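The values are calculated or read from the model by the stated rules, or taken from the named source; none is laboratory data. All figures in this text were calculated on a predicted structure; none of them were measured in a lab. Because the Cβ atoms are built from the backbone with ideal geometry, glycine has one as well, and the counts that use them run over all protein chains shown.
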Amino acid sequence: MSDTDDVGEAELSEDNSDDEVITHAHGAGGSQMAELIESLAVSRFAETDADVGLAALDDGSVQPIDDDHSVVVTTDSHVVTPLFFRGGDIGRLAVSGTVNDLAMMGATEPLALTSSLIIEAGTPQTTVERVTESMREACEEAGATVTTGDTKVMGSGEMDTLAINTTGVAVVPKGGHVPDAGLSVGDRLIVSGTVGDHGISLLSEREGFDFGGDLESDVQPVNDLVRAAMDAGEVTAMKDPTRGGLATVLNEMASKADVGIDVEERSVPVSGPVSSAGEVLGIEPFDVACEGVVVMGVASEDAADVLDALRDNPKGEDAAIVGEVVDDHTGQVVLDTGFGRRYLSPPEGEQLPRIC
Amino acid sequence: MATNAESGDDELQFRDPEKAEQLTDELEALMAEIGEPVNVMHVCGSHEQAIAKFGLRSILPDDLTVRMGPGCPVCVTNMPEVDEAVALAEEGKIVTTYGDMFRVPGTEKSLADARDEGADVRVVYSASEAAEIAEEEPDREVIFFATGFETTAAPTAAVLTSDPPENFSVLSAHKYVPPAMEVVAEMPDTDVDGFLAAGHAATITGYGLFEDFVEEYDTPAVVGGFEPIDVLYALARLLEFIRDDEAGLENAYPRCVSREGNVPAKEQLWEVFDTTSGEWRGIAEIPDANLVLSEDYAHFDARERFDIDVDPGAADPLTEDCICGDIMAGQADPDECELFGEECTPQDPVGACMVSSEGTCKIWLEYGGQPDL
Amino acid sequence: MCLGIPGEIIEIDGNEARAEFWDVEKTVRIDVVDEAVEVGDHILNHAGFAIRKIPDDEVEETMEIYESFLEGDEDEALEEIGAGEGEQLGIEGR
């Protein structure tokens, strides 16, 4: 890959309006990020004959390669602090994230992964080795491997330690992909495991909360779980609740499919430590990232079978049916709290501990 | 929900859906006896959170409206106060803040924006953390942007009285609730039939100070807790007072609130802080409801130590058109405000009702009105 | 301003204590609370400070109040509150 230092600077200074700068909000997964993506990318790049193209803003794209097959592509950049956290590290996160994005499209057998590292000069070599070893382990778990990559080094202080970009490619039978917009009225919603683990655990660690106990990230590849589910019944839509959490993906799935979703709060699996830590911090487990969980829409007649298949796998032992797709409050998610009902809105931006 | 044997079980009792149903039946019965719409105001962001989180409004009787009053200290922190914190951060000082305030915009930007632009702003969970940062960074000035009501001012006072480092200072934007309740109660066409008073603030101040209040304004008040059962019970007691046309006062949160409150904390509070008047974002100037450091603690007052080129008492030009005060008092609906959805949005809020994630205006904007579930 | 979480003291070290909140633990300051606290006591935590020692029997008592209210024994319930504080609250019986 060639260096591209000089290209574009002249154009940049003409293009940018004076006031607008990129802020954290643009990376936070909320409406500002959506707007940015829309204006930066979606409006710029030509449409293709994709089954699932850029405009769909799904977890990956799906394009036909011949009459019988389509290729699924996904990419992600990972910048996480701290690099090594309870339950995982940036390497595991990178591989799992991409393997899972492929799986969210229904592509459970990754063909190839790429790994691009951008490293800050001065970073100990052992750090990078640990990360790469962790990537190898995650690849093994997922039945994937890294087949190509890139390494760049930036000056000390020019970036924060390490950033990883991973791209994943897989092949699916034509029409065999699963879009995130595929929900139909009557479908059941299944969550494959406890929610909020990664987000709450990482935030606690980052903020220096010494909670003791069992709080850790759930980061793991779940392509095998997805395979089991798809083999057991009709999975109509899928998304992994990473940034923005369960609340965000449920809302996205509802609005993309033009349906409403009813969720029973008490059915949603949340672990004791995550629930408790959430209470102390004032943060809802539904609003923060999971990195080893799938949210799927399942045809109602298959829901029980899919649930069993998930629970047969240790990664899916906490799987539960949490809700239903309804022909009401289109684009919105309503939560039955056990007391009353309320809208479950997507959180705006990064969740922070609150005291109010 | 986690079930730690002792405290877990106890807390679960306050989330018992069966009791909740019994209490809502009671509320329906009381409303039937009252025979006309009732407006209750609460003055605590956490009450609003509790009500919203458990979807309580969807089970309350139709004619019972529970409105959020000036009870979210984050929301009522005036733009110039945020500007002061931003100014200090932009001068290269370390500014520490509660997470709640981090993204609240001032006149031009929030502390989060300032951090994006390179300022050293750090979110803390506790005032003591801010003092610890000052110890860890002896060569830099560390300012604690102290927001919150009296509940939160007590910890700030505790930190100031326990020998904080010299490079530590406090920019106080603390507020005091009771005067705000009075302002609302005094508004000429105020439509508030009863107050749900803030349970945790009262943990510090005690409920005794409401005795004069209910008498003077002839409006009942109940001090309520924050679990769903607590809130429903408190509302039921309020409705009983209203039904009986009684300006009664009840402490429905005895496990945390007593008449005198937390006396040592109160004493410490008033040793460290004085009250002064100031603008509550979008509402009004409230007399004696802003807490500033007293003379004895001027040494740690960021406003004394630094020359901040912002007038925290200044009213924002747009607040002339902001009708938050009326909305809170039940006098108006968000869509009657000129600024609603135009100059005043969640990203660019003018008044308090748009700042809070549970603010009346924010909810209206998000759902096109009061959600009807 | 009110996020107050009840927890149990499991260890004390000067003006700090380790408190357990359901399944997690956290360090809190105990110099603002109005009474001396011991291991085993329940406190209300706000922003990293214990602001109230929750009396052991209060949870039970509160539940009893709610029960009495629902059963129609309001007077008894009110007496419990009134008696507890030694104060009349200006509430007349029905």
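Is it fair to say A:Val270 is more than 29 Å from A:Val52 (Cα to Cα), out of contact with any strand residue (DSSP E or B) (no Cβ under 9 Å at 6 or more places or on another chain) and assigned by TED's automatic domain parsing to the domain that holds A:Gly292?
yes
Using the structure shown, decide if A:Pro241 is without any contact (Cβ under 8 Å) to a residue 60 or more places away in the chain and not assigned by TED's automatic domain parsing to the domain that holds A:Asp101. Show your work before the answer.
Numbers: without any contact (Cβ under 8 Å) to a residue 60 or more places away in the chain: yes; not assigned by TED's automatic domain parsing to the domain that holds A:Asp101: yes.
Considered against the rule, which asks whether it is without any contact (Cβ under 8 Å) to a residue 60 or more places away in the chain and not assigned by TED's automatic domain parsing to the domain that holds A:Asp101, A:Pro241 comes out as yes.
Would you point out which residue out of A:Asp187, A:Asp218 is at pLDDT 95 or above, within 17 Å of the chain's Cα centre (by Cα) and of a type in the set (Asp, Glu)?
Of A:Asp187, A:Asp218, the one residue that is at pLDDT 95 or above, within 17 Å of the chain's Cα centre (by Cα) and of a type in the set (Asp, Glu) is A:Asp218.
Residue by residue through segment B:212-244, note down the ones that are within 11 Å of chain C (Cβ to nearest Cβ), within 23 Å of B:Pro37 (Cα to Cα) and not aliphatic (A, V, I, L, M).
Result: B:Glu215, B:Pro220, B:Gly224, B:Asp230, B:Tyr233, B:Arg237, B:Glu240, B:Phe241, B:Arg243, B:Asp244.
Is segment B:102-114 home to any residue that is crowded, with 20+ Cβ neighbours inside 10 Å, without any contact (Cβ under 8 Å) to a residue 60 or more places away in the chain and more than 12 Å from every other protein chain (Cβ to nearest Cβ)?
yes
Restricting to segment A:254-292, give me the number of residues that are among the aliphatic types (A, V, I, L, M), away from chain C (no Cβ under 14 Å) and within 17 Å of A:Glu348 (Cα to Cα).
Final tally of qualifying residues: 2.
Scan segment C:27-74 for residues that are within 9 Å of chain B (Cβ to nearest Cβ) and assigned to a strand (DSSP E or B) and jot them down.
If the condition is that a residue be within 9 Å of chain B (Cβ to nearest Cβ) and assigned to a strand (DSSP E or B), then C:Val28, C:Arg29, C:His42, C:Leu44, C:His46, C:Phe49, C:Ile51, C:Arg52, C:Ile54 are the ones that fit.
Of all residues in segment A:300-356, count the ones that are more than 12 Å from chain B (Cβ to nearest Cβ), surrounded by fewer than 21 Cβ atoms within 10 Å (Cβ to Cβ) and in a loop (DSSP other than H, G, I, E, B).
6
Out of (1) within 12 Å of another protein chain (Cβ to nearest Cβ); (2) aliphatic (A, V, I, L, M); (3) not in a loop (DSSP other than H, G, I, E, B), the odd one out for B:Ala247 is which?
That leaves (3) as the condition not met.
Exactly one condition in (1) outside any loop (DSSP other than H, G, I, E, B); (2) of a type in the set (A, V, I, L, M, F, W, C); (3) not assigned by TED's automatic domain parsing to the domain that holds A:Val72 is not met by A:Ile164; state its number.
So A:Ile164 meets the others, but not (3).
Residue by residue through segment A:135-159, note down the ones that are surrounded by 12 or more Cβ atoms within 10 Å (Cβ to Cβ) and part of a loop (DSSP other than H, G, I, E, B).
Residues satisfying the conditions are A:Gly143, A:Ala144, A:Thr145, A:Met159.
What number goes with the only condition from (1) more than 15 Å from B:Gly69 (Cβ to Cβ); (2) under 18 Å from the mean Cα position of the chain (by Cα); (3) buried (at least 24 other Cβ atoms within 10 Å of the Cβ); (4) away from every other protein chain (no Cβ under 11 Å) that B:Leu209 does not pass?
Tallying (1) more than 15 Å from B:Gly69 (Cβ to Cβ); (2) under 18 Å from the mean Cα position of the chain (by Cα); (3) buried (at least 24 other Cβ atoms within 10 Å of the Cβ); (4) away from every other protein chain (no Cβ under 11 Å), B:Leu209 fails exactly one: (3).
Out of B:Cys337, B:Cys322, I need the residue that is more than 12 Å from B:Arg281 (Cα to Cα), more than 14 Å from every other protein chain (Cβ to nearest Cβ) and crowded, with 19+ Cβ neighbours inside 10 Å. Which one?
The unique qualifying residue is B:Cys337.
Can you go through A:Gly233, A:Gly212, A:Gly196 and tell me which one is closer than 30 Å to B:Glu129 by Cα, in the same structural domain as A:Ser275 (by TED's automatic domain parsing) and over 20 Å from the mean Cα position of the chain (by Cα)?
A:Gly212
Closer than 30 Å to B:Asp193 by Cβ, in contact with a Cys (Cβ under 9 Å, 6 or more places away or on another chain) and assigned to a helix (DSSP H, G or I), is that true of B:Ile229?
Against the criterion (closer than 30 Å to B:Asp193 by Cβ, in contact with a Cys (Cβ under 9 Å, 6 or more places away or on another chain) and assigned to a helix (DSSP H, G or I)), B:Ile229 does not qualify.
From the residues in segment B:164-177 that are outside any strand (DSSP E or B) and at pLDDT 95 or above, which one is nearest to the chain's Cα centre (by Cα)?
So, considering only residues that are outside any strand (DSSP E or B) and at pLDDT 95 or above, the one nearest to the chain's Cα centre (by Cα) is B:His174.
So how many residues does segment B:267-302 have that are in contact (Cβ under 8 Å) with a residue 60 or more places away in the chain and touching a strand residue (DSSP E or B) at 6+ places or on another chain (Cβ under 7 Å)?
17
Restricting to helices (runs of 4 or more DSSP H) lying wholly in segment B:269-373: which have 1 or more residues that are more than 19 Å from B:Lys175 (Cα to Cα)?
B:302-305, B:324-328, B:360-367
Answer with yes or no whether B:Ala202 is at pLDDT below 95, surrounded by fewer than 24 Cβ atoms within 10 Å (Cβ to Cβ), in a helix (DSSP H, G or I) and not β-branched (Val, Ile, Thr).
Here the answer is no, as B:Ala202 does not meet what is asked.
Residues that are among the small types (Gly, Ala, Ser) and either more than 12 Å from the chain's Cα centre (by Cα) or surrounded by fewer than 21 Cβ atoms within 10 Å (Cβ to Cβ) (or both): does segment A:284-296 have at least one?
Looking through segment A:284-296, none of the residues is among the small types (Gly, Ala, Ser) and either more than 12 Å from the chain's Cα centre (by Cα) or surrounded by fewer than 21 Cβ atoms within 10 Å (Cβ to Cβ) (or both).
Enumerate the strands (runs of 3 or more DSSP E) found wholly within segment A:181-271, keeping only those where 2 or more residues are closer than 21 Å to A:Gly338 by Cα.
A:188-191, A:260-264
How many residues, within segment B:58-97, are within 14 Å of chain A (Cβ to nearest Cβ), in a helix (DSSP H, G or I) and in contact with a strand residue (DSSP E or B) (Cβ under 7 Å, 6 or more places away or on another chain)?
Counting residues in segment B:58-97 that are within 14 Å of chain A (Cβ to nearest Cβ), in a helix (DSSP H, G or I) and in contact with a strand residue (DSSP E or B) (Cβ under 7 Å, 6 or more places away or on another chain) gives 3.
Here's the yes/no breakdown for (1) surrounded by fewer than 24 Cβ atoms within 10 Å (Cβ to Cβ); (2) modelled with pLDDT under 95; (3) in a loop (DSSP other than H, G, I, E, B); (4) more than 13 Å from chain C (Cβ to nearest Cβ):
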| residue | (1), (2), (3), (4) |
| --- | --- |
| B:Ile133 | yes, no, no, yes |
| B:Ile143 | no, no, no, yes |
| B:Val159 | no, no, no, no |
| B:Pro188 | yes, yes, yes, yes |
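Among the listed residues B:Ala202, B:Ala173, which satisfies the condition of being more than 8 Å from every other protein chain (Cβ to nearest Cβ), of a type in the set (Gly, Ala, Ser) and without any contact (Cβ under 8 Å) to a residue 60 or more places away in the chain?
Only one candidate qualifies: B:Ala202.
Identify, from the list A:Val249, A:Val259, A:Val263, the residue that is over 19 Å from the mean Cα position of the chain (by Cα) and either under 18 Å from A:Leu57 (Cβ atoms) or outside the structural domain of A:Gly193 (by TED's automatic domain parsing) (or both).
Checking each option against the conditions leaves just A:Val259.
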